[in-house]
1. Here is a list: E47, E66, E71, E61. Which entry is of a type outside the set (S, T, N, Q), at pLDDT 95 or above and more than 19 Å from the chain's Cα centre (by Cα)?
2. Out of all the residues in segment 96-124, which are closer than 22 Å to S68 by Cα and either in contact with a helix residue (DSSP H, G or I) (Cβ under 6 Å, 6 or more places away or on another chain) or charged (D, E, K, R) (or both)?
3. Among the listed residues D43, D63, D67, D85, which satisfies the condition of being away from the ligand (no atom under 13 Å from the Cβ) and either surrounded by fewer than 16 Cβ atoms within 10 Å (Cβ to Cβ) or within 27 Å of A137 (Cβ to Cβ) (or both)?
4. So which pairs qualify, if the first residue must be in segment 224-246 and over 12 Å from K8 (Cβ atoms), the second must be of a type in the set (D, E), the Cβ gap must be under 6 Å, and the two must be at least 6 apart or on different chains?
5. Residues that are loosely packed, with under 13 Cβ neighbours inside 10 Å, closer than 24 Å to H201 by Cβ and within 10 Å of the ligand (Cβ to nearest atom): does segment 101-118 have at least one?
6. Do we find that A162 is within 15 Å of the ligand (Cβ to nearest atom), closer than 26 Å to D112 by Cβ and either part of a helix (DSSP H, G or I) or in contact (Cβ under 8 Å) with a residue 40 or more places away in the chain (or both) in this structure?
7. Looking for whichever is surrounded by 16 or more Cβ atoms within 10 Å (Cβ to Cβ), within 13 Å of the ligand (Cβ to nearest atom) and assigned to a helix (DSSP H, G or I) here; the options are V190, V125. Which one fits?
8. At pLDDT 95 or above, under 21 Å from I159 (Cα atoms) and not basic (K, R): is that true of N101 in this structure?
Amino acid sequence: MDGILTGKTIVIMGVANKRSIAWGCTNALIEQGARVILTYQNDRIKESLQRFVPEDIDMVECDVAEDSNIELAFQKIGDKYGKIDGVIHAIAFADKDTLTNGVLNTEKEGYDLAQNISAYSLIAVTRYAKPYLNNPASIITLTYFGSIRAIPNYNMMGIAKASLESSVRYLAQELGGDGIRVNAISAGAVKTLAVTGIKGHSELLKMSKGFTVDNISVTIEEIGNVAAFLMSDLSTGMTGDTLFVDKGVHLM
Ligand code: NAD
């Protein structure tokens, strides 16, 4: 079927299981005709993916904790596919103590780790993907409203997301001349593995649902559809932006 992404090859980073936002993106992109390549963090995640990802989807290991891993992953992708048309970065991490102890008690190590994996990795991914990106190309990342509001228990991750959104704007400015646009989707709360690391996540999900315009939480399919639009040439006029895909939660 021809779709808005027919002929495009997109790298998707951050599928852990069928609940992952990146999996919603994967299905939406395929639906629109894209060829996708998934990257996974480690062997444990690879095993999980092998249970449900169709065999014709290529998977490449990439733990973003080290720049050299990111460089190698994109080299492998470039060697095999030549040019690519975009990257979806759906990766975040903070250790449990850092997430639960509150911002005041955040220690340097936990701060650095959360910033490194959740924000700096977008910069490194963009740098190592750049030699293989077509013109036009699109990069998106996933963020959350806790970057601009003090959401209970979101703590260090809110600080990392603020940094991530700022990185989006600076990268968009720097890469515009190469036809590479960089945007973020600020997704509403969805029950994924990452969210279960947040203290009181059931209350957060309930509160978020209550703030939607129709009392129905956003789905990974709905987030994926916006990702497909941002990966397509329909969005060549947009860069450096953060789009809310949260069923109106940010209005409250
Ligand atoms: P998820 O747990 O399904 O995905 C998180 C992914 O990050 C996993 O695939 C994990 O392997 C990957 N990851 C963590 N550390 C990594 C590393 N060192 N190297 C490579 N990959 C690593 O959860 P999700 O909710 O789908 O998260 C995807 C993105 O969406 C995250 O950036 C998250 O902050 C963001 N987000 C989530 C929500 C939500 O409510 N779930 C809302 C807004 C934004």
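The values are calculated or read from the model by the stated rules, or taken from the named source; none is laboratory data. Remember, predicted model here, so these are calculated numbers, not experimental data. Here Cβ is always computed from backbone atoms with ideal geometry, including for glycine, and neighbour counts include all displayed protein chains.
1. None of the other options fit; the residue is E47.
2. Hits for segment 96-124 are E109, G110, D112, A114, Q115, S118, A119, L122, I123, A124.
3. On the way: D43 fails: away from the ligand (no atom under 13 Å from the Cβ); D63 fails: away from the ligand (no atom under 13 Å from the Cβ); D67 fails: away from the ligand (no atom under 13 Å from the Cβ).
Answer to the selection: D85.
4. Going by the 6 Å Cβ cut-off, the qualifying pairs are T242/E165.
5. No; the residues of segment 101-118 include none that is loosely packed, with under 13 Cβ neighbours inside 10 Å, closer than 24 Å to H201 by Cβ and within 10 Å of the ligand (Cβ to nearest atom).
6. It is true that A162 is within 15 Å of the ligand (Cβ to nearest atom), closer than 26 Å to D112 by Cβ and either part of a helix (DSSP H, G or I) or in contact (Cβ under 8 Å) with a residue 40 or more places away in the chain (or both).
7. Checking each option against the conditions leaves just V125.
8. no
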